[in-house]
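Asker: Would you mind keeping the following structure in view while I ask a few things?
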Amino acid sequence: LGENDREWPAALADLGDHQPLSLWVLGESALLQATRGWVGVVGSRRASPTGVSATRSLVVPDVLGERGVISGGAIGIDTAAHHAALERSTPTVAVVAGGLDRLYPAENLGMFARIARAGVVVAEAPCGVRPVPWRFLERNRLIAALSSVLVVVEAAYRSGALNTAHHGAALGREVVVVPGRWSDPLSAGC
């Protein structure tokens with residue numbers, strides 16, 4: 001997709017000069033133009049059972065309303081959010097860090113295939129590009145921009161989830177956190 005395509009998400013314009021030049025998609029690209037908005041759900045890759053449970057309880061119609069779920073497809077909180085959305089037939093978007101032929105992590109390939117059938121998998125990078133660490137931080141701005149509300153479930157003091165939250169706050173998105181135990185390192189960022 002390019003900026004002049006009908007399916008191009010208008011919310012990406014909020015990124016100004018940091019808007020991607022193109023997007024690569026698997027699935028229903030028209031979903032990206034959804035007017036009802038997306039709830040971004042991000043958090044720790046080392047999610048606790050409590051964090052997974054909290055994520056699953058957030059991905060319900062009473063909380064989401066008519067909005068879908070957007071996350072990064074990583075293990076942990078992202079996976080819990082995508083699975084909960086798929087189980088409840090809620091639209092979901094996975095924004096990945098590499099090319100669509102290099103989906104990561106490998107243990108989520110089945111989930112990515114399900115998302116591509118029921119939602120959309122999005123990459124800023126073309127095929128052939130590996131998901132190296134800095135690309136995860138880059139893709140976080142896309143999750144934030146595409147979200148109307150951003151929820152941080154669990155986050156260490158230094159984490160990609162907080163990076164996404166900072167992007168969201170800078171873009172004027174509502175950012176909320178799930179409070180955790182004060183002594184839990186996975187909740188220090190929250």
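Asker: Viscosity 0.890 mPa s, temperature 25 °C: Stokes-Einstein D of the stretch 1-115 from its Kirkwood Cα radius, in µm² per second? Walk me through the numbers on the way to the answer.
Answerer: On the way: Rh = 14.8 Å.
Answer from the Stokes-Einstein relation: 166 µm²/s.
Asker: Hey, rough spin-label estimate for ARG88 and LEU21, points 7 angstrom out along Cα→Cβ, what's it come to in nanometres?
Answerer: Going by the 7 Å Cα→Cβ label model, 3.9 nm.
Asker: Here is a follow-up. With a 1.4 Å probe and every protein chain kept in, tell me what percent of the accessible surface of the stretch 114-190 is carbon plus sulfur.
Answerer: Here it works out to 59 percent.
Asker: Sticking with this structure for a sec: Quick one: grab the alpha carbon gyration tensor of the stretch 42-96, order the square roots of its eigenvalues as a ≥ b ≥ c, and give me rounded if a/c is under 1.5, else prolate or oblate depending on whether a/b is larger than b/c.
Answerer: Oblate shape, in that a/c is at least 1.5 and b/c is the bigger or equal ratio.
Asker: Looking at the stretch 63-162 from every direction and averaging, what is the projected area of its Cα convex hull in nm²?
Answerer: Approximately 6.2 nm², given one-decimal rounding.
Asker: May I ask you to give the solvent-accessible area per residue for the chain, in square angstrom, as obtained with a 1.4 angstrom probe?
Answerer: Details: 9040 Å² over 190 residues.
Using a 1.4 Å probe on heavy atoms only, each residue of the chain averages 48 Å².
Asker: Helix 49-58 versus the longest principal axis of the chain: what is the Cα-based angle in degrees, 0 to 90, to the nearest 10?
Answerer: On a 0 to 90 degree scale, this one is about 60.
Asker: What FRET efficiency do you get for VAL63 and ASP184 if R0 is 25 Å and r is their Cβ-Cβ distance, rounded to the nearest 0.05?
Answerer: With a Förster radius of 25 Å, E is 0.65.
Asker: How much solvent-accessible surface does ILE75 expose, in Å² to the nearest 10, with a 1.4 Å probe and all protein chains in place?
Answerer: About 70 Å², ignoring ligands and nucleic acids.
Asker: Using 0.36 nm per residue, how much length does the chain from GLU3 to HIS166 gain when fully extended, once their Cα-Cα distance is taken away?
Answerer: On the way: separation 163, 0.36 × 163 = 58.68 nm, distance 2.46 nm.
Extra length from GLU3 to HIS166 when fully extended: 56.2 nm.
Asker: Okay, moving on. Based on the Cβ-Cβ distance from THR50 to ILE75, what FRET efficiency comes out when R0 is 22 Å, to the nearest 0.05?
Answerer: Taking R0 as 22 Å, the efficiency between THR50 and ILE75 is 0.85.
Asker: Just to be sure I follow the definition: excluding the sites themselves, where is the longest run in the chain that has none of the trypsin sites (Lys or Arg not before Pro) in a DSSP loop with at most 14 other Cβ atoms within 10 Å?
Answerer: 89-157
Asker: 222 nm [θ] for the chain, helices only, -39500 (n - 2.57) per DSSP H run of 4+, per residue, to 500?
Answerer: -9500 deg cm²/dmol
Asker: Using a/c under 1.5 as the rounded threshold, could you call the stretch 132-190 rounded, prolate or oblate? The axes a ≥ b ≥ c are square roots of the C-alpha gyration tensor eigenvalues, and prolate needs a/b larger than b/c, oblate otherwise.
Answerer: oblate
The values are calculated or read from the model by the stated rules, or taken from the named source; none is laboratory data. Keep in mind that what you see is a predicted model, and the values were worked out from it rather than measured. In this analysis, Cβ positions are derived from the backbone assuming ideal geometry, glycine residues included, and neighbour counts consider all displayed protein chains. Just so you know, the surface numbers come from the protein's heavy atoms only, side chains and all, with ligands and any DNA or RNA stripped out. Shrake-Rupley method; radii C 1.70, N 1.55, O 1.52, S 1.80 Å.
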